[in-house]
Amino acid sequence: MNRKTLLLVLLLPLLLTLTAGLGYAVLSLPEQPQYLPKLVIDNINESGVSHPVTAVLLNFRGYDTLLELVVLLLALLAVWSLNMPAAEDKTSPNLVLDILTRLLTPVLILVTAYLLWIGAHAPGGAFQAGSVLAASGVLLLLGGYRISDKLTGLPLRIILMAGPSVFILIAVLTLLLEGQLLKYPTAQAGLLIVIIETVATISIGATLAALFLGARPIATNRATASEKNMDQGSEKDGEHK
Amino acid sequence: MNPANFFALIGIVLFSIGLLGLIINSHLLRKILAINIMGSGVFLVLVALARRTENMPADPVPHAMVITGIVVAISATALALTLMLRVASETGHATLPDEVEE
């Protein structure tokens, strides 16, 4: 019996025990507690939206959502700091992909706006809308489209930062005016949530599409220039040796 | 067995399958996929258990937690994939060393 089979024979009983234990834990759970759902339903009129999940996400537990946006940004920073070269797509995109991209991008943007708006009273909201927006971004990237070199610097960073910044700004304002972090005044809650969600949607879409690209977008002129410099440098090194 | 428990048990099975895949595969891409399967299992458990009794509205708190979890999982996966590419470009292969070198 080689090592791999031995490992599997030892591993399977352990995993089966774990599965059985977790299954038993789920089946022996006590009755569903009524306290939290009731709390949400009772206070939903004060939250500014009528869908309970959106109310929890952006009002009752807004702090979680704020940190979630920061996690997205942190992941992008980590990806950029790894300094991988951007995958260059030298082949021209397939005709079908190209036409599909042109047809689908406006539709996806429309769906984004719909999901964003419907989130107030039905399943939907900033994250779902942001994902659809990111999907259109991924489609564009696959089709060989890249944003203009002028926009890869500060403008892109402003778009990426907008969601968390606006959220933090509103959090600080509520802290100063209401005395508690993210405690929206009841009358303005709906408006504040729509503002946060709109900006967050754009930031989430941009962040996810940038994560898909997997590298810091550098202006191509500068990139090729630095590559040329590096090539020349290495050639010179070769000559010295 | 009501549907909630059924789906929760399926979620646990998914979690275990993912854990098995995470342990026995040495290729990093397979490990990342396995972690995602484990995550999907956890999300399924949370979504299923949010509505355990039939004639009651679902508890919105676990649903909101799952949305948060999905976004964190996406960003973690993207970071893991980039790290894997970096490992591949440094060492030439995307696997962790199998044996301890002596």
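Read the figures in this text as sums done on the coordinates, not as results from a lab. From a predicted model like this one, the values you see are computed outputs, not experimental measurements. Positions of Cβ are generated from backbone atoms using ideal geometry, with glycine treated the same way; all protein chains shown enter the neighbour counts.
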At 1.306 mPa s and 10 °C, Stokes diffusion of region A:1-112 via Kirkwood alpha-carbon radius, µm² per second: 75 µm²/s
For A:L182, residues with placed amide H under 5 Å, excluding near neighbours: A:T174, A:L175
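Only Cα pairs under 8 Å and at least 6 apart count here; give the relative contact order of chain A as a rounded whole percent.
Numbers: 226 pairs, mean separation 62.4, N = 241.
Here the relative contact order equals 26 percent.
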Debye log10 I(q)/I(0) for region B:1-53, one point scatterer per Cα, at q = 0.22, 0.29, 0.31, 0.32 Å⁻¹: -0.69, -0.94, -1.02, -1.06
Per residue, the convex hull volume that the Cα atoms of region A:48-235 enclose (Å³): 122 Å³
Dipole moment magnitude, nearest 20 debye, the protein assembly as shown about Cα centre, only Lys, Arg, Asp, Glu C-beta charged: 260 debye
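Magnitude of the Cβ-charge dipole of region A:48-235, K/R +1 and D/E -1, about the Cα centre, nearest 20 debye? Don't jump to the answer; show the numbers that get you there.
On the way: 10 positive and 11 negative charges, 43 e Å.
That gives a dipole near 200 debye.
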Charged-residue dipole, Cβ positions (Lys, Arg, Asp, Glu), region B:3-91 about Cα centre, Debye nearest 20: 140 debye
Cα-based equivalent ellipsoid of chain B: semi-axis lengths in Å, sorted from largest, via gyration tensor: 35, 16, 7
Evaluated over the protein assembly as shown, the Cα radius of gyration and Dmax, each in Å: 23.9, 81
